[in-house]
Amino acid sequence: MKYRILVVEDDSILRDNISQILENEGFTVETAENGKVGIEKVKTTNPDLILSDIMMPEMDGFEFLEEIIKNIKTATIPVIFLTAKTELENLRKGMSLGADDYIFKPFNIDDLINAIQIRLKKKEASNKKFEETKHQILSKLHHDLRTPMMPIIGYSDAIDDIDDLNEVKNLVKVIKKSGEKLQDRIEKFLIYNQLILNEENFQSNKDSKTPIDKNYIQQFLSSLERFSIVNNRVIYEVESAELPIKERNLNLLLKELIENALNFSPQEKEIYLRAYHSNSDYIIDIIDQGKGFREEEIRNISSFKKFGDNQIGNPGLGLGLAIVKRISELNNIKFDIKTLEEEQTICRLIFSISTQGKQNAA
C-alpha cells in the first residue's frame with residue numbers, strides 16, 4: 001500500500017527537502033505552506049498521516065490540529081509535529097491537543113522515517129480492528145436481531161386467521177416478549193457502539209458519586225422485570241456505600257452481570273448479589289449456579305465472544321461481559337471472574353473507596 005502524507009511547513013526549503021525524502025521512501029506527498037492551506041489539502045487528498053510545523057503564519061499548527069479533530073472524517077488521521085528543542089511549552093500544548101508524536105528540528109532522516117512508520121502501523125492495526133469489529137457486528141446482527149423478529153412477524157400474520165380471543169391474547173404475549181428481547185438487543189448494541197466511539201461518556205470524574213443500598217438494588221431489580229429475567233430469582237445482601245461511579249454506569253454493570261447470570265443458569269436456580277465493604281474496597285459479587293467457565297474462556301473476554309459452546313441458540317449478542325469489562329477499565333474498577341467446582345461462577349466488581357467514604361455511608 002502506498003501511503004499519502006501531507007507536509008504542512010511554511011519554510012519552503014525545508015518543506016521541499018522533507019517532500020523529497022519521503023518520496024524517495026515510496027510515499028505520495030502533498031504539501032501546504034500553512035495550516036489554512038493544509039485544511040483544504042486534507043479535505044481534497046485525505047492523507048494517511050500529517051507532518052506539521054507549529055509556528056506558521058495565518059493558521060499555526062495548534063489551530064490546524066484543532067480543526068482536524070473537529071471533523072469526524074479527519075479526527076483519526078495521525079499528526080506528527082515538527083518543533084524546535086527550545087519550544088518545550090509548545091510541545092506540551094501540542095500533545096495535550098491530541099498530536100500523536102513530535103520530531104525535533106533539526107531532525108535525523110532515520111528518526112523521521114521511523115516515527116512515520118510507527119504511526120502508520122498503529123493506524124493500520126486500528127483500522128484492521130475496526131474492520132473486524134464491523135464484520136462481527138454485521139454478522140451477529142443478522143442472526144441476533146432477526147431471531148426475535150421472526151415470531152413478531154409470524155404470529156402477527158397468524159392472528160388474522162384466529163377467532164379464539166384467548167389464543168389471540170397468548171400470541172400477543174409472545175409478540176410482546178419477542179419485541180422486548182429485540183429492544184434489549186438493540187440497546188445493547190447501541191451501548192457497545194457508544195463505548196467504541198465515545199468512551200469518555202462512560203468515564204467517571206472526581207464528582208461522580210452513586211449511593212448504593214438495599215433500596216437501590218430493590219428498585220434496580222424491579223426495573224428489569226419487563227425483560228422477564230428476574231422473577232424473584234435474585235437473592236441480595238447489600239451494605240450501604242457511596243461508590244465513585246456515575247449511576248448510569250453502575251446500572252449498566254449490574255444489568256449485564258445479572259442478565260448474564262440468569263440467562264446461563266437453570267431456571268430453578270437462584271443467583272446471589274452480595275455487596276459489602278472489605279478494608280478500603282467495596283465489592284459486588286454476582287454468584288450464579290450455572291455450568292461455569294474454563295480458565296481460557298475467562299481470559300478471552302472480548303466483544304461477541306460468548307463463553308462455553310457458543311451455540312447458535314444462546315441468547316443475546318454476546319456483548320454483555322465485553323461491556324462490563326470496558327466500563328470497568330474506564331472507571332478503574334477491577335473486574336474478575338472465578339468458577340468454583342465447575343458449577344458456581346462469581347463475577348466480582350471491586351471499587352476502591354476511601355475510609356472516610358465508608359464512614360459517611362454507614
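Report Glu200's accessible area, 1.4 Å probe, all protein chains in place, as a number in Å² to the nearest 10.
Probe radius 1.4 Å; accessible area of Glu200 about 100 Å².
With r defined as the distance between the Cβ atoms of Ile186 and Glu40 and R0 fixed at 45 Å, what FRET efficiency is calculated, to the nearest 0.05?
With a Förster radius of 45 Å, E is 0.70.
Among the listed pairs Lys2/Lys41; Lys73/Lys129; Lys36/Lys129; Lys41/Lys123, which have their C-alpha atoms separated by more than 23 angstrom in this model?
Numbers: Lys2/Lys41 18 Å; Lys73/Lys129 18 Å; Lys36/Lys129 32 Å; Lys41/Lys123 20 Å.
Among Lys2/Lys41; Lys73/Lys129; Lys36/Lys129; Lys41/Lys123, the Cα-Cα distance tops 23 Å for Lys36/Lys129.
Keeping all protein chains in the complex and leaving out DNA, RNA and ligands, what accessible area do you get for Val79 with a 1.4 Å probe, in Å² to the nearest 10?
Ignoring ligands and nucleic acids, Val79 comes out at about 0 Å².
Quick one: how many Å² of Tyr102 are accessible to a 1.4 Å probe, rounded to 10?
Ignoring ligands and nucleic acids, Tyr102 comes out at about 80 Å².
Using R₀ = 56 Å, calculate the FRET efficiency as 1/(1 + (r/R₀)^6) where r is the Cβ-Cβ separation of Met55 and Asp157; round to 0.05.
Using R0 = 56 Å, I get an efficiency of 0.20.
If I model a spin label at Met149 and Ile113 as a point 7 Å from the Cα along the Cα→Cβ vector, what separation in nanometres do I get?
Modelled inter-label distance: 5.2 nm.
Once fully extended, how much extra length lies between Asn215 and Asp336, figured as 0.36 nm per residue of separation less the alpha-carbon to alpha-carbon distance? Write down the numbers at each step before the final one.
On the way: separation 121, 0.36 × 121 = 43.56 nm, distance 2.55 nm.
Here the segment from Asn215 to Asp336 would lengthen by 41.0 nm.
Let me check something: with ligands and nucleic acids excluded, how do Met149, Met56 order by accessible area (1.4 Å probe), largest to smallest?
Met149, Met56
Using 0.36 nm times the number of residues separating Asn193 and Glu23, minus their current alpha carbon distance, what extension gain do you get?
Details: separation 170, 0.36 × 170 = 61.20 nm, distance 3.84 nm.
Here the segment from Asn193 to Glu23 would lengthen by 57.4 nm.
Determine the gain in length on full extension of the stretch Gln267-Arg248; use 0.36 nm per residue of separation and subtract their C-alpha separation, reporting nm with one decimal.
Details: separation 19, 0.36 × 19 = 6.84 nm, distance 2.82 nm.
This chain segment gains 4.0 nm when fully extended.
Going by accessible area, probe 1.4 Å, with all protein chains left in place, what is the ranking of Thr210, Thr44, largest first? Provide the component values of the computation, followed by the final result.
On the way: Thr210 5, Thr44 110 Å².
Most to least solvent-accessible, the answer reads Thr44, Thr210.
Go through Lys123, Lys325 and list them by solvent-accessible area, largest first, probe radius 1.4 Å.
In descending accessible area the options line up as Lys325, Lys123.
Extending each Cα 7 Å along its Cβ direction at Lys2 and Glu329, get the distance between those two points in nm, one decimal.
It works out to 3.7 nm between the two label points.
The values are calculated or read from the model by the stated rules, or taken from the named source; none is laboratory data. What you are looking at is a predicted structure, and each value in this text was computed from that prediction instead of being measured. Ideal geometry is used to build each Cβ from the backbone, glycine not excepted, and the neighbour counts take in all protein chains shown. Ligands, DNA and RNA are excluded from the accessible area calculation, which covers all protein heavy atoms including side chains. Shrake-Rupley method; radii C 1.70, N 1.55, O 1.52, S 1.80 Å.
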